Amino acid sequence: MFLSAPDVGPLEESYLIRALRSGWVAPVGPEIDGFEQEIAERVGTRGAVGLSSGTAGLHLALLALGAGPGTVVVVPTLTFAATANAVVYTGAEPVFVDCEPATGNIDPDLLAAVLDDLTGAGRRVAAVVPVDLFGGCADYSRILPVCASAGVPVLEDAAEALGATRHGRAAGSFGRAGVFSFNGNKIITTSGGGMLVSDDLDLLDRCRYLSTQARQPVAHYEHTDIGYNYRLSNLLAAVGRAQLRRLDGMLGRRRELREHYGKLFAGRPGVRLLGDGDPGANCWLTVVTVDPARAGWHADDLARHLAAERIESRPVWKPLHLQPVFAGREGVLTGAAERLYTDGLTLPSGSGMTDQQVSRVLDATARFLEARA
Ligand SMILES: Cc1ncc(COP(=O)(O)O)c(C=O)c1O
């Protein structure tokens, strides 16, 4: 049993075949145009650009925001490496900031202090990239004013958060631009793919241009910028459109699963679900956190028990400031991300799990808890 297997079926198959038969077997075509429009409508932004990955979206948006050598970009330490890798691709320096213990998302107070320090020291901050961790939106009601007063644009890494909302606004729509991933394990998938969304049509045009090898609009292949081959395939966009039609059903299924986990763990001392009580979370992955001193067991004990039953679980992201590849980079840390790394466990959360598979995971977890009651 996997954490979050792709949930695809006959609808995706029919859309893919339709695209294939149309002859648009290329990184251009009506499925891409349609997918972009539909995502922008869903998120409530003026436009969108379909890309080969979420990482490509982060890279291009950072370039468009002016990230490059001599600038810094503030990112949370508790995220997947892609958030910071994209910063390094541009030549900018990532600065890592710790998280709120309750949600795992970037700590807005710490962010305010870091921006004060960086701007006070005369550093050029090209962007702040909050991540909507595991599909729960960061606290934009505090993050946006802090960034606005520092004059720094926000690029929302909503790779995991399609379908999530906060105070009625959709994930992806909070900053100058937002990025989604359609990687195989995400809430909807195109096998691999991503989307950049924004109200800023100039920024989107710039990114679309850079994503298609920065070709000037002339017949003889004229180039005045270094471009990238980052466009989404028309075939994969067709799969994305089918997935998008099923998004609400898939969100419902993941929410149901989280409620089941919530009931199982309720009343257990020292045990809680990360971001519990966020009504807008898309419940992409459910994470249980365990304080071993109060619970009498460790998250790792549950992981081993599940593994013995061939059920996948995983630690939360290893914080980036602990990653060998980012050794020596700047960070403002409280220990919160490190605690979530040691105390957190990501549980099977896929919308494609059958009722029988859901029961198998819940029963296995219940047996573990009963043995420790
Ligand atoms: C937080 C976060 N940012 C960025 C990415 C990168 O997305 P992609 O795999 O589509 O490049 C991912 C997922 O893979 C992610 O979880």
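Using a Förster radius of 45 Å, what is the FRET efficiency between D300 and S141 based on their Cβ-Cβ separation? Nearest 0.05, please. Please report the intermediate quantities before stating the final value.
Numbers: r = 35 Å, r/R0 = 0.78.
With a Förster radius of 45 Å, E is 0.80.
Looking only at chymotrypsin sites (Phe, Trp or Tyr not before Pro) in DSSP loops with at most 15 other Cβ atoms within 10 Å, what is the longest site-free stretch of the chain? Write down the numbers at each step before the final one.
Working: sites that count: F2, Y221.
Between exposed loop sites, the widest span is 3-220.
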(message) Using only DSSP helix segments of four residues or longer, with each worth -39500 (n - 2.57), what per-residue ellipticity at 222 nm results for the chain after dividing by its residue count and rounding to 500?
(response) -12500 deg cm²/dmol
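Using 0.36 nm times the number of residues separating R367 and D116, minus their current alpha carbon distance, what extension gain do you get?
Details: separation 251, 0.36 × 251 = 90.36 nm, distance 4.99 nm.
My answer for the length gained is 85.4 nm.
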(message) I'd like the Karplus ³J(HN,Hα) series for region 163-175: coefficients 6.51, -1.76, 1.60, θ = phi - 60°, whole numbers in Hz, and an x wherever there's a Gly or Pro.
(response) x, 7, 9, 9, 6, x, 9, 7, 4, x, 9, 7, x
(request) Once you have the Cα-Cα distance between S149 and D109, take 0.36 nm times their residue separation minus that, and quote the gain in nm to one decimal. (result) 13.0 nm
(request) Treating only the Cβ atoms of Lys and Arg (+1) and Asp and Glu (-1) as charged, compute the dipole magnitude of region 164-320 about its Cα centre; round to the nearest 20 debye. (result) 380 debye
(request) Work out the FRET efficiency for R245 and Q357 from their Cβ-Cβ distance, taking R0 = 22 Å, and round it to the nearest 0.05. (result) 0.40
(request) Within region 152-246, report the trypsin sites (Lys or Arg not before Pro) that DSSP leaves as loop and that have at most 16 other Cβ atoms within 10 Å. (result) R215
(message) 5 Å is the cut-off here: which amide hydrogens, built 1.01 Å from N in the peptide plane, fall below it relative to V72, excluding neighbours closer than 5 in sequence?
(response) E93, R124, V125, A126
(message) I need the P(r) histogram for the chain: all alpha carbon pairs, bin width 10 Å from 0 out to the longest distance, whole percents.
(response) 5, 24, 32, 24, 12, 3, 0, 0
(request) Give the long-range amide H neighbours of T286: residues separated by 5 or more places, or on another chain, with amide H under 5 Å away, using H modelled in the peptide plane at 1.01 Å from N. (result) L347
(request) Could I have the simple spin-label model distance between D199 and A219, label points 7 Å from Cα toward Cβ, reported in nm to one decimal? (result) 4.2 nm
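What FRET efficiency do you get for S14 and V325 if R0 is 51 Å and r is their Cβ-Cβ distance, rounded to the nearest 0.05?
Once rounded, the FRET efficiency stands at 0.75.
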(request) With +1 on each Lys and Arg Cβ and -1 on each Asp and Glu Cβ, and nothing else charged, work out how big the dipole of the chain is about its Cα centre, in Debye to the nearest 20. (result) 600 debye
(request) Of the options V74, P319, H298, report the single residue whose Cα projects farthest towards the positive end of the charge dipole of the chain (beta-carbon charges: Lys, Arg +1; Asp, Glu -1). (result) H298
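The numbers here are math on the coordinates, done by the rules we state, and not lab data. Because the structure is a prediction, the values reported are computed rather than measured. Glycine gets a Cβ as well: all are built from the backbone with ideal geometry, and neighbour counts include every protein chain shown.
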